Every structure is written in C-alpha cells, then in structure tokens.
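Participant: Here it is, the structure, as structure tokens.
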Amino acid sequence: MNDRIQQLLDQITALEDDLRTALSEQPSTMFFQIKGKRVEFEQSIKETHRRLKRNFFRWLVTDRPQNLITGPIIYAMIIPLIITDIFITFYQLTCFPIYGIKKVRRGDYIIFDRQQLSYLNFIEKFHCTYCAYGTGMIAYISEIVGRTEQYFCPIKHARKILGTHSRYAHFLDYGDAEDYEAKLEQYRRALGKEK
C-alpha cells in the first residue's frame, strides 16, 4: 500500500473517530442521559413523548395496509437470523480462542434501547426491537467474518466491491505477493492485541 493511500486511510479513521465522538456527545442536547443501560429523558420531554404517542387502534387504522400484509414475511426472517446468531456465536466461541482472535462482543452491536421511547406504541416498539436485532446481528456477523478474513486472507479483491467491512481498507493490495507470509502473520498478531 503506498504512503498516500495509508495517509488517506489514517485520515478516514481519525474522522470516523471524531464523528463517533460528536454523535455520542449530541444526545446531551436532546435532553436525555444514559444511566447504565437505561435512557432517561427530562420530565418535559417525557410528557411531550406521551402526548405524541398514537394508540394502537389509531395506529392500526392510519398505518399503511401493505405493512400489515407483509408483516408475516418480514417477521419470518427471525428464524434464519436466530439460527445464524447461534452458529456464528458458536463459531467465534470455539474457533477465535484457537486462532488467538479477540472475541466480538454482541452487546456492542445489538442494542435494545428504542423500547424506552414513550412516544412509540407497543407495536412500534416491537418493530424497533426486531429491527435493532436484525441490523445489529448483521453488523455483529460482519465483524466476526471481517476478523476471520483478516486472519485467513487479508487481501483486497481485484474488482471494486460495495459494502466492505471496516478492516477491508487496510488489507493487502491484490497481487502484492512480496513478503505475503510475514505480512499475514502481522495481521494475525494484530487480531490478538485488539481492545
């Protein structure tokens, strides 16, 4: 990887860190605090949320009918998600210690906090729980697979691909065979030292 690309990657990483910091500081302007796993809103915000909440029957009448019709199809996806969750978690629990790879924490990816929003009715909270699980699970899987790829094959593809994981940008260039085995060992050692 040439120096210019490495410099750009370092800048991107620094900007992503700055963005995460800014986003984590932003909630303080939204009148809530995070206490442990609970989110606590100021009293005036709680009252506003309760006033804005649509009751179930009003929601049912005003919601889009196609959402109700496709609901069983959407929620049937929970079965492959749970099966994948079980298998990917078993994989990392059994194989990562053997490879010396630091385990991925599920709790960093699957966050259930939207049910604390009092402006959502129980169906909306159920939807949010499902979406939080689904999107969090995909991110959790992506990180586990990304660490696995870094261990076994940290090489970029020849063709441009969309939707790469965060580790991909730092992989070896396609066709860069010089000192491949030594570089592969460096990637593997780095996995064991992660926070």
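Quick note: the coordinates plus some simple rules give every number you see, no bench work behind them. No experiment lies behind these values; they were computed from the predicted model shown. For neighbour counting, all protein chains shown are included, and Cβ atoms are generated from backbone atoms with ideal geometry for every residue, glycine included.
Participant: Take Thr70 and tell me if it is surrounded by 11 or more Cβ atoms within 10 Å (Cβ to Cβ) and within 19 Å of Glu143 (Cβ to Cβ).
Facilitator: For Thr70, the condition - surrounded by 11 or more Cβ atoms within 10 Å (Cβ to Cβ) and within 19 Å of Glu143 (Cβ to Cβ) - is not met.
Participant: Would a scan of the stretch 140-150 turn up a residue that is farther than 30 Å from Tyr75 by Cα, in contact with a strand residue (DSSP E or B) (Cβ under 7 Å, 6 or more places away or on another chain) and outside any loop (DSSP other than H, G, I, E, B)?
Facilitator: There is no residue in the stretch 140-150 that is farther than 30 Å from Tyr75 by Cα, in contact with a strand residue (DSSP E or B) (Cβ under 7 Å, 6 or more places away or on another chain) and outside any loop (DSSP other than H, G, I, E, B).
Participant: Looking only at the stretch 172-195, count how many residues are outside any helix (DSSP H, G or I) and either within 23 Å of Tyr109 (Cα to Cα) or of a type in the set (Gly, Ala, Ser) (or both).
Facilitator: Here the count works out to 5.
Participant: From the set of residues in the stretch 140-169 that are among the small types (Gly, Ala, Ser) and more than 24 Å from Ile98 (Cβ to Cβ), which is surrounded by the fewest Cβ atoms within 10 Å (Cβ to Cβ)?
Facilitator: Within the stretch 140-169, the match that is surrounded by the fewest Cβ atoms within 10 Å (Cβ to Cβ) is Gly163.
Participant: State the number of residues belonging to the stretch 94-139 that are within 12 Å of the chain's Cα centre (by Cα), assigned to a helix (DSSP H, G or I) and not small (Gly, Ala, Ser).
Facilitator: Here the count works out to 7.
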